[in-house]
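See below for the structure under consideration.
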Amino acid sequence: MSVLEIKNLHASVDGKKILNGLTLTIRAGERHALMGPNGSGKSTLSHLIMGHPKYEVTKGDIRLNGKSVLEWPPDVRARNGIFLAFQYPEEVPGVLLPSFLRNTYTAVHPNEKLLSVKEFMDRLRKQMKLIQMDESFIDRYLNEGFSGGEKKRNEILQMALIQPQIAILDETDSGLDVDALKTVAENVKRIAHEDIGLLIITHYPRILKYIRPAFVHLMVKGKIIKSGGLDLATELEEKGYAKTLRA
């Protein structure tokens, strides 16, 4: 069973302290949501988990299945099963979407039998259909010219194909209309079965109504100050952060 443990994590960026003793454990099959006002450190946490060199851990640890990942570069973390769906996915001109996805799959699953091009393309087309991505994207470069919603669907497509151990979704719901939000959320729920631990970072509870996480955490000033179930997300929606914090 995969476990991501974040223990008493303190971190800074450009000399400014961002995280202040954050502790969180995510196990396979668990769905967690992390909410909080702007500047609370939610996206910083996602970058730290993936090993972004801009962010410095000053105290604490991040452990995957009992092993510290702090010395691992981002590609090693990804190869070991940590996946991040970016808030703002990058465009990569010149790299065709299927080539990127097949190489990524092979890197994350090196011990599996190498899929033939046909086998991989069959899997790709099946997942694209489920996520409601047009097959014309097969002939396009990675995220180049994609709308915001198309980029977010592409992140979920990667997650579906790679099948990571721990998946972090950094504001995947931002920029999605109602229909796209429902499609993305339903596919996240479909993909995040009992073998995947899920952390959803969001400002708004609308995506949580579809995914229905068992754990909701409120993050303020770099640490989790309150945890609960889906009722906590409802409370935050109804009262807002300020009133909830005063309660």
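The values are calculated or read from the model by the stated rules, or taken from the named source; none is laboratory data. Computed from a predicted model, the values in this text were never measured in an experiment. Note that each Cβ is placed from the backbone with ideal geometry, even for glycine, and that neighbours are counted across all protein chains shown. These accessible areas exclude ligands, DNA and RNA; they are computed on the full protein's heavy atoms, side chains included. Shrake-Rupley method; radii C 1.70, N 1.55, O 1.52, S 1.80 Å.
Summary table below
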{"item": "Residue selected from the stretch 78-94 under the condition hydrophobic (A, V, I, L, M, F, W, C) and crowded, with 16+ Cβ neighbours inside 10 Å, by the criterion farthest from the chain's Cα centre (by Cα)", "result": "A78"}
{"item": "Hits in the stretch 95-115 (condition: part of a helix (DSSP H, G or I) and open to solvent by less than 90 Å² (accessible area, probe 1.4 Å))", "result": "L97, P98, S99, F100, L101, R102, T104, Y105, T106, A107, V108"}
{"item": "Test: residue in the stretch 51-62 that is within 21 Å of Q163 (Cβ to Cβ), in contact (Cβ under 8 Å) with a residue 60 or more places away in the chain and crowded, with 21+ Cβ neighbours inside 10 Å", "result": "no"}
{"item": "Residues that are under 22 Å from I211 (Cβ atoms) and not in a helix (DSSP H, G or I), drawn from the stretch 228-247", "result": "G228, G229"}
{"item": "Any pair with Cβ under 7 angstrom, 6 or more apart, that starts in the stretch 65-77 at a residue that is in a loop (DSSP other than H, G, I, E, B) and surrounded by 11 or more Cβ atoms within 10 Å (Cβ to Cβ) and ends at one that is acidic (D, E) and modelled with pLDDT of 95 or more", "result": "L70/D61"}
{"item": "Number of positions in the stretch 1-60 that are in a strand (DSSP E or B) and either aliphatic (A, V, I, L, M) or under 16 Å from the mean Cα position of the chain (by Cα) (or both)", "result": "20"}
{"item": "Matching residues in the stretch 126-175 - criterion: being open to solvent by less than 10 Å² (accessible area, probe 1.4 Å), under 14 Å from P98 (Cβ atoms) and β-branched (V, I, T)", "result": "none"}
